[in-house]
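K.L.:
Next up is a structure, given as structure tokens.
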Amino acid sequence: MTEINGKVMVIFAHPDDAEFTAGGTIARWTNEGRRVSYVVCTDGSKGAEIEQLDKEDLVTMRQSEQRQAAAILGVAEVTFLEYPDGELSSNRGFVANLTRLIRQFRPVTLLTWDPWRPYQLHTDHRTVGFAALDAVMASGNMRYFPEQLRNNLEVHQIKEIFLFGTDQPDTWVDISSTFNRKIEAIRQHASQMTDPDEVIRHVEEWNSHVGYTQGYSYAEPFKILHPECSICR
Ligand SMILES: [Zn+2]
């Protein structure tokens with residue numbers, strides 16, 4: 001796999017997406033001194049069907065769970081965009097927001113949902129993947145959202161994109177040394193699990209199966225894109 005050091009931005013739909021799909025990889029990178037920034041696009045307000053719980057209380061709870069999980073993985077900052085859960089649309093305003101965040105943080109690597117995965121049912125997962133990729137293309141081009149560049153921001157070209165939730169992986173990150181931290185981070189999302197041990201069993205089965213195919217105890221799979229490569233484009 002490409003070894004590019006530097007800042008990492010993770011753009012995802014709901015509190016917990018990053019931990020389940022890439023928590024072991026993120027912990028490895030923060031161990032190596034890479035600065036990681038999370039962008040959580042929705043408010044997570046449809047993520048638990050507990051009738052007694054107000055929507056506002058659920059949003060607060062999920063953001064607090066997300067901050068705790070991020071802290072365990074060594075993530076430096078968490079931005080909540082608070083779009084309504086289940087209602088993301090890849091419109092110009094959303095792409096502009098993501099482009100601005102990329103131009104501010106200036107990551108080398110971006111992680112997001114693979115929007116092309118066949119039968120990806122969740123609209124937010126598809127939408128956030130497409131919008132994040134649109135923002136990668138926009139952030140490197142001065143003719144996209146030029147008003148941002150008049151406000152002290154500069155264009156920024158991301159070097160590599162790691163797509164998670166993919167059915168066409170071409171890169172497998174060995175997470176054997178950070179798997180326990182990934183599980184600890186997932187456990188912070190208590191509102192999302194009626195039976196945490198069962199959920200953890202599934203994650204263990206998945207990451208150990210992926211690891212087995214590559215000769216590791218545990219691994220996470222990704223599809224890599226290089227936005228600057230004319231062949232990739
Ligand atoms: Zn999600």
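The values are calculated or read from the model by the stated rules, or taken from the named source; none is laboratory data. Bear in mind the structure is a predicted one, so any value in this text is a computation, not a measurement. Cβ sites come from the backbone with ideal geometry, for glycine too, and all protein chains shown count toward neighbours. Ligands, DNA and RNA are excluded from the accessible area calculation, which covers all protein heavy atoms including side chains. Shrake-Rupley method; radii C 1.70, N 1.55, O 1.52, S 1.80 Å.
K.L.:
Where both residues lie in the chain, what percent of DSSP beta bridges are antiparallel, nearest 5?
P.N.:
Just about 25 percent of them are antiparallel.
K.L.:
Now for a separate question. Could you state how much accessible area residue 137 has, in square angstrom rounded to the nearest 10, with a 1.4 Å probe and all protein chains kept in place?
P.N.:
90
K.L.:
Which whole-number percent is the relative contact order of the chain (Cα, under 8 Å, 6+ apart)?
P.N.:
25
K.L.:
Measure off 7 Å from each Cα along the Cα-to-Cβ vector at residue 87 and residue 108, then give the distance between these two points in nanometres to one decimal.
P.N.:
4.0
K.L.:
Could you sort 41, 229 by accessible area so the largest value comes first, with the probe set to 1.4 Å?
P.N.:
Largest accessible area first, the residues go 229, 41.
K.L.:
Leaving out ligands, DNA and RNA but keeping every protein chain, what accessible area does residue 231 have, in Å² rounded to the nearest 10, with a 1.4 Å probe?
P.N.:
Accessible area of residue 231: about 150 Å².
K.L.:
So if each residue of separation counts as 0.36 nm, and I subtract the Cα-Cα distance between residue 137 and residue 213, what length gain in nm does that give?
P.N.:
Contour length minus Cα-Cα distance gives 24.0 nm.
K.L.:
Okay, next question. Please report the accessible area of residue 184 (heavy atoms, 1.4 Å probe, ligands and nucleic acids excluded) in Å², nearest 10.
P.N.:
90
K.L.:
Once you place label points 7 Å from the Cα toward the Cβ at residue 198 and residue 76, how far apart are they in nm?
P.N.:
For the pair residue 198/residue 76, the computed spacing is 4.0 nm.
K.L.:
Also, quick follow-up: Could you tell me which of the pairs 55/223; 46/159; 182/223; 159/223 are separated by over 26 angstrom between their Cα atoms in the structure shown?
P.N.:
With Cα atoms farther than 26 Å apart: 55/223; 46/159.
K.L.:
Counting only heavy atoms of the protein chains, get the accessible area per residue of region 8-225 (1.4 Å probe) and round it to a whole Å² value.
P.N.:
Accessible area per residue, region 8-225: 46 Å².
K.L.:
To the nearest 500 deg cm²/dmol, what mean residue ellipticity at 222 nm is calculated for the chain from DSSP H runs of n ≥ 4 alone, each contributing -39,500 (n - 2.57), summed and divided by the residues?
P.N.:
Taken over the chain, the calculation gives -13500 deg cm²/dmol.
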